[in-house]
Amino acid sequence: MTEPLSTKPYMVRAIHEWCVDSGFTPHLLVAVNAQCRVPNAHVKNGEIVLNLNYTATKDLLIDNDAIVFSARFGGVSQHLYVPMDAVKGVFARENGQGMFFELDAGAALKPHEEKPALVVATPDAKAVVAPQQATAKPAEKKKPTLTIVK
């Protein structure tokens, strides 16, 4: 039996579509790693926030493996590549609503390990945690963190 596909790219596409349909500006929070191709001058604390609005991007493609597009930084067009495992969250700039993920959410887990929790930002900036498995011991759980990006 094959390993099921990660839900992360589907959630990223859904939140992006919801932002666009609602008139919000979709933003992507990325933990920059060696596989990312982003402008290093805009990376702060190992992270970068990218505007994914159709007016700010060209040839935007969100597939199951990566997010690829072109954007202008300082008037210079650059081709960006963000692997899906580097995506920490996708949210609306105007109200902060969206989804935030554990960095290792795409990693293969052994059947007895707990799956990472999904953190959802709510309008009042509280985090709602939805663990994927309820059978894990409480001592093994890591507390999710929510980063407020303005």
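Taking the Cβ of each residue in Val82, Val149 as the centre, tally the other Cβ atoms inside 10 Å and list the residues starting with the fewest. Present the calculation step by step, with values, prior to reporting the outcome.
Details: Val82 25, Val149 16.
Taking fewest neighbouring Cβ atoms as first place, the list is Val149, Val82.
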Ordered by number, the GluC sites (Glu not before Pro) in region 1-109 that occupy a DSSP loop and have at most 14 other Cβ atoms within 10 Å are Glu94
Listed with the fewest Cβ neighbours within 10 Å leading, His16, His79 appear as His79, His16
Proxy exposure order for Ser77, Ser22 (fewest C-beta within 10 Å first) is Ser77, Ser22
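Every number here is computed from the coordinates shown, using simple stated rules; none is lab data. As the structure is a prediction and not an experimental result, all values here were calculated from the model. Note: ideal-geometry Cβ built from the backbone for every residue, glycine included; neighbour counts use all protein chains shown.
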